[in-house]
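*Asks:* Submitted below is the structure of interest, expressed as structure tokens.
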Amino acid sequence: MSEQSYQTHFEIMKDIVLACASGVKLSETVRTALKDAAGLFGLSAARLILWDKEYEPVLTETYADDGKDEEQIDATEKELFLELRKKSDLVSAYVSLGGKKPTSSFTLPIRRGEEILGAVIGIQRGTNSLVRADIFLEALAAGLSVAVAIAQTEDIVDKERLNVVTATATSITHEVNNQLQAILGNVQVLLRERTELDEKLMKKLKVIEESAWAIMKTMRKLMNVSEVKFTEYVNGTDMLMLPEDEDSS
């Protein structure tokens, strides 16, 4: 293998690591890695699949030279590798197929510890054997496994943050709304007895009523938070961003 090829190997793996470190979305990291690997080894198509416990895909990213190559990698996955996974617990394989249009293909696992989350697969036209590139392809699968693990960890962290915000919002809303109901109830009783109140006091009660409704509206926004995002408040303090009103533009 030439020095240039080793340098290209290094660049592809470096890009995966840097993308993970900089927070690039998993789909973008995978697409770039598959495209670069395809260019290096002359793959006509490459794909990463993440699946559930029944091998149903939950994420699929594909690079293909054209539509026919994408159809071929579909067929290779469904008719060959998927069947072997279901029937024989296939983990990895390098396969050479003959005929009028010989191809080589591979499937390598995407892991999290001992758990297999998915696979990276590829096909190459011609009679060359992809086994010759096994060291890099397995390193590619390992690098993509790290990218997947980081992305899933970030998802878990985001969900935990949202769970904390939701629990806090529920407690605050319960306590605040109880007090607001008492304030609103008394203010509205006084406003109904307006004949006994002077105009100045009426205006003040009206302000109290409107403010109480505004607080309740804010509490509803807090309860509707579906994503934890922050904005700067004052003196470097972060403030939770609340969802916009449905009627706001």
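*Asks:* Once R0 is set to 45 Å, what does the formula 1/(1 + (r/R0)^6) return for the Cβ-Cβ distance between Glu210 and Lys86, expressed as a FRET efficiency to the nearest 0.05?
*Replies:* 0.10
*Asks:* Also, I was wondering about something else. Quote to one decimal, in nm, the extra length available between Gln181 and Met241 on full extension: 0.36 nm per residue of separation minus the C-alpha distance between them.
*Replies:* Answer, rounded to one decimal: 19.1 nm.
*Asks:* Something else now. In nm, what is the difference between 0.36 nm times the number of residues separating Tyr233 and Asp66 and their Cα-Cα distance?
*Replies:* Value of the extension gain: 55.1 nm.
*Asks:* Could I ask something else about it? Using the per-residue mean of other Cβ atoms lying within 10 Å as a proxy for protection, in what order, highest first, do the peptides 44-52, 56-64, 206-214 fall?
*Replies:* 44-52, 56-64, 206-214
*Asks:* Now for a different question. Checking the cross-link filter: which lysines have an alpha carbon closer than 21 Å to that of Lys68, excluding same-chain neighbours under 8 positions apart?
*Replies:* Of all the lysines, those that pass the test against Lys68 - Cα under 21 Å, at least 8 places apart if same chain - are Lys35, Lys78, Lys100, Lys101.
*Asks:* Name the lysines eligible as straight-distance cross-link partners of Lys229: C-alpha to C-alpha under 21 Å, and not fewer than 8 places from it in the same chain.
*Replies:* Lys25, Lys159, Lys217, Lys221
No lab work stands behind these numbers, since they all come straight from the coordinates. This one's a predicted model, so the numbers in the text were calculated from it and none came from an experiment. Glycine gets a Cβ as well: all are built from the backbone with ideal geometry, and neighbour counts include every protein chain shown.
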